[in-house]
Amino acid sequence: MGRLTHRSVYKGSMALLAVSLSAYAGTATANEKLQELAKSEKNWVMQCKSYDCQHFSESTQINASNVENLEPAWSFSTGVLSGHEGAPLVVNGMMYIHSPYPNKVFAVDLDNPNKIVWQYEPKQDPAARSVACCDVVNRGLAYYPGEGDTPPLIIESTLDGHLLALNANNGEMYWKLEVMDPSVGQTLTQSPYVVKDKVIIGSSGAELGVRGVVTAYDIKTGEQDWRAYATGPDKDLLLADDFNSANPQYGQEGLGLKTWEGNQWKVGGGTNWGWYAYDPEEELVYYGAGNAAPWNETMRPGDNKWTNTIFARDVDSGKAEFAYQKTPHDEWDYAGVNVMMLSEQKVDGETKKLLTHPDRNGILYSLDRTNGDLVAADKMDDTVNWVEHVNLDTGTPVRDPEYGTRMGHKTKGICPSAMGYHNQGVDSYDPDKELFFIGMNHLCMDWEPYMLPYRAGQFFVGANVWTYPGPKGNREESTGSGQIKAYDVKTGEFKWSKMERFAVWGGTTATAGNLVFYGTLDGFIKARDSRTGELLWKYKLPSGVIGHPITYKHDGTQYVGINYGVGGWPGVGLVFDLEDPSAGLGAVNAFKKLQEHTQMGGGFMAFSLEGDTPFDNVDVGEYQASN
């Protein structure tokens, strides 16, 4: 039990509430088992489907020629009203469904989706709801396949700052850790990430002046392996000895302090609650650190390293091999936590291992993921105006001063808005077509900063924001705030582009059937031809969508499924009945028409060709009398 003393996490207050330690046996890691499970089209074992986060399925039973025949197969209500981000996991015939706060977990037998095999609802500190930035969302579960005496585990983060492992077979608690403290504004909304017998989790709460951190725990014992911050001394940042050696222009030593005034770094943000990717060959895990705090840039002079940054860390040591700050001295809340997608493509005649990242600041970045070289930085839309271009040699954005922010001034027409041209959605990559399918926002804003003191556990923003559709939308009607595009990193061009009524908040899933699926805020799941963008099929769901689709096969039938349940940042006005146009950190005005199309209510719905379902066998799900 001595190892438990290493688990102190926050101010030495980590509490181990329940734990079952098991002797380590064997040498296989979660990597190998998860990779093997991910290869099967019967499973959807990670939020991004696979470590490369391509969110791509090889299944072709549902394809562009027959997708019009998709019909509902079965559905499941979580009984929770707030926004449902992320997606269920599917592992070996079982579906694991999560909900936003109170963070329920359900295990559903796919042979009989009428049967809840087990369910779990954690006891939480309800005060966490008051410090959640943008609805009480949760981005989903992680799966650990088990090893030796350690059973398969479902890993969940809870809004009140706990990380817990449940026995995937029966839902029993395996261990539970308190890793964040809501009393100082820390929360957990991220999906945990399992690599090499570790579970990695980031923090939320930059809008309350939380100092961003990422931590790796031994998945068998809950013991802390390593912890790295986004701001502060190099020893806290865990910089490798050769940090940024390939690109010293990005910055190297001492900048976590030097680029901040005084002790501002202690409340400087850089939280990370987005999507990770992992390259088993490089043994690097990639993620983004979020926005600087407060939003009011006047209160934090300097570049504010390493907020708004892409990090590449050695998964064993946590050491940062490289880091690239996309928006130095962020003036617009361009949090950089968005999805990281890995591919190998020939760019300028040379095959490169790419990391492609659609950032909130409206730029699609592609880096050589082996060393951090910036390969491409293309605008997501020609209406991006805060930056003229990104210098590929230095990595520096060349800004347009007209759209800078400063005290005593209301800057108008900044594109993108604080919500970004891309936010938390998980996008997809088709390796055959070499195209990324990007679900986007089309939102701009007016911005007026103000001064405020830092008080632990209180909102620390310092800016009023008014958000509205971009130039291609209808600002009077607050519609035309979303787009979906097919992007070719080799040319920097978009093969096709389509507008949507509202932001495509949840992201996309591509398949080898020449399809790209996504959900809309107004409550549709749609399928487009991934070659042309032509709309081939749609279905009206019970509520709006902020999660991403999945697809899996069960008993020879391919299903497409998606979480429904409007909410999240774009739905805060609807969820909390807000009317002030600048409320919801600027979201209320942008989505004031949302309630005319959908209402709250969360769950999951699955579709198949002709609506094939386990219930076609009328005995499935039927009550069997005992006599």
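The values are calculated or read from the model by the stated rules, or taken from the named source; none is laboratory data. This one's a predicted model, so the numbers in the text were calculated from it and none came from an experiment. Please note: Cβ atoms are built from the backbone with ideal geometry, for glycine as well, and neighbour counts cover all protein chains shown. These accessible areas exclude ligands, DNA and RNA; they are computed on the full protein's heavy atoms, side chains included. Shrake-Rupley method; radii C 1.70, N 1.55, O 1.52, S 1.80 Å.
How big is the dipole moment of region 191-332 about its Cα centre under a simple scheme where the beta carbon of each Lys and Arg is +1, that of each Asp and Glu is -1, and everything else is neutral? Debye, nearest 20, please.
With Lys and Arg at +1 and Asp and Glu at -1, about 460 debye.
Please state, to two decimals, what the Cα-based radius of gyration of region 102-243 comes to when divided by 2.2 N^0.38 Å (N = residues).
Expressed relative to 2.2 N^0.38 Å, the Cα Rg reads 1.12.
Using only Cα atoms, what Kirkwood radius does region 278-392 have, in angstroms?
Roughly 14.7 Å, rounded to one decimal.
With an 8 Å cut-off on Cα pairs and a minimum separation of 6 or more residues, tell me the relative contact order of region 108-187 in percent.
Contact order relative to length: 25 percent.
Can you bin every Cα-Cα distance in region 57-186 into 10 Å intervals starting at zero and give me the percent of pairs per bin, rounded to whole numbers?
With 10 Å bins starting at 0, P(r) equals 11, 37, 31, 16, 5, 0.
With the other protein chains left in place, how much accessible area per residue, in square angstrom, belongs to region 293-339 at a 1.4 angstrom probe?
Value for region 293-339: 15 Å² per residue.
If you put +1 on each Lys and Arg Cβ and -1 on each Asp and Glu Cβ, how big is the dipole of region 281-427 around its Cα centre, in Debye rounded to 20?
580 debye
Below 8 Å, C-alpha to C-alpha, sequence gap of six or more: please give me the relative contact order for region 325-367 in percent.
Averaging sequence separation for qualifying contacts and normalising by length gives 33 percent for region 325-367.
Net charge near residue 246: determine it from the other residues with C-beta under 14 Å of the C-beta of residue 246, scoring Lys and Arg +1 and Asp and Glu -1.
-4
Can you order the peptides 257-265, 308-316 by their average number of other Cβ atoms within 10 Å per residue, highest first?
308-316, 257-265
Identify, among 471, 532, 600, the residue whose Cα sits farthest towards the positive end of the charge dipole of region 469-603, taking +1 on the Cβ of Lys and Arg and -1 on the Cβ of Asp and Glu, with the dipole about the Cα centre.
Ranked along the dipole, the leading option is 532.
Can you show me the helix-derived [θ] at 222 nm for the chain, built from DSSP H runs with n ≥ 4 at -39,500 (n - 2.57) apiece and divided by the number of residues, rounded to the nearest 500.
Result for the chain, helices only: -1000 deg cm²/dmol.
Order 564-570, 96-102, 346-352, 432-438 from most to least packed using the mean count of other Cβ atoms within 10 Å.
564-570, 96-102, 432-438, 346-352
Within the accessible area of the chain, what % is carbon and sulfur when the probe is 1.4 Å and the other protein chains stay in place?
It is 45 percent, rounded to a whole number.
Quick one: accessible area per residue over region 69-165, 1.4 Å probe, rounded to a whole number of Å²?
I get 29 Å² per residue for region 69-165.
Students often get this wrong, so check it: of 49/220; 49/353; 258/490, which have C-alpha atoms separated by over 27 Å?
Check vs 27 Å cut-off fails for 258/490.
What does a probe at residue 623 reach in region 83-121, counting residues whose amide N is under 18 Å from the point 7 Å along Cα→Cβ?
114-116
Determine how large the accessible area of residue 534 is when every protein chain is in place; take a 1.4 Å probe and give Å² rounded to the nearest 10.
Ignoring ligands and nucleic acids, residue 534 comes out at about 110 Å².
If you average the alpha carbon positions of region 108-152 and of region 391-429, how far apart do those two centres end up, in angstrom?
35 Å
Roughly how many Å is it from the Cα centre of region 153-173 to that of region 48-102, as a whole number?
A separation of 20 Å, based on Cα centres.
Across every pair of different alpha-carbon atoms, what Kirkwood hydrodynamic radius in Å does region 428-518 reach?
15.5 Å
If you take the beta carbon distance between residue 534 and residue 61 as r and set R0 to 22 Å, what does 1/(1 + (r/R0)^6) give as a FRET efficiency, to the nearest 0.05?
So the FRET efficiency works out to roughly 0.65.
Quick one: net charge of residue 392's neighbours, Cβ under 11 Å, K/R +1, D/E -1?
After counting each charged neighbour, the total is -3.
With +1 on the Cβ of every Lys and Arg and -1 on the Cβ of every Asp and Glu, and nothing else charged, how large is the dipole of region 137-208 about its Cα centre, in debye rounded to the nearest 20?
Roughly 200 debye, rounded to the nearest 20.
Each label point is 7 Å from the Cα along the Cα-to-Cβ direction; what then is the distance between the points at residue 121 and residue 36, in nm?
Calculated label separation equals 3.8 nm.
Each label point is 7 Å from the Cα along the Cα-to-Cβ direction; what then is the distance between the points at residue 400 and residue 266, in nm?
4.0 nm
Once you have the Kirkwood Rh of region 516-627 from its Cα pairs, apply Stokes-Einstein at 25 °C and 0.890 mPa s and quote D in µm²/s.
152 µm²/s
Please calculate how many Å² of accessible area region 352-469 carries per residue, with a 1.4 Å probe and no DNA, RNA or ligand atoms counted.
31 Å²
May I ask which residue of 245, 191, 403 lies farthest towards the positive end of the charge dipole of the chain, with charges of +1 (Lys, Arg) and -1 (Asp, Glu) on Cβ and the Cα centre as origin?
403
Take the alpha-carbon positions of region 178-240, form their convex hull, and give its projected area averaged over all directions (one quarter of the hull surface) in nm².
Over every viewing direction, the Cα hull of region 178-240 projects on average to 4.8 nm².
Computed on alpha carbon atoms, what radius of gyration and Dmax characterise the chain, expressed in Å?
Radius of gyration, then largest Cα-Cα span, for the chain: 22.6, 80 Å.
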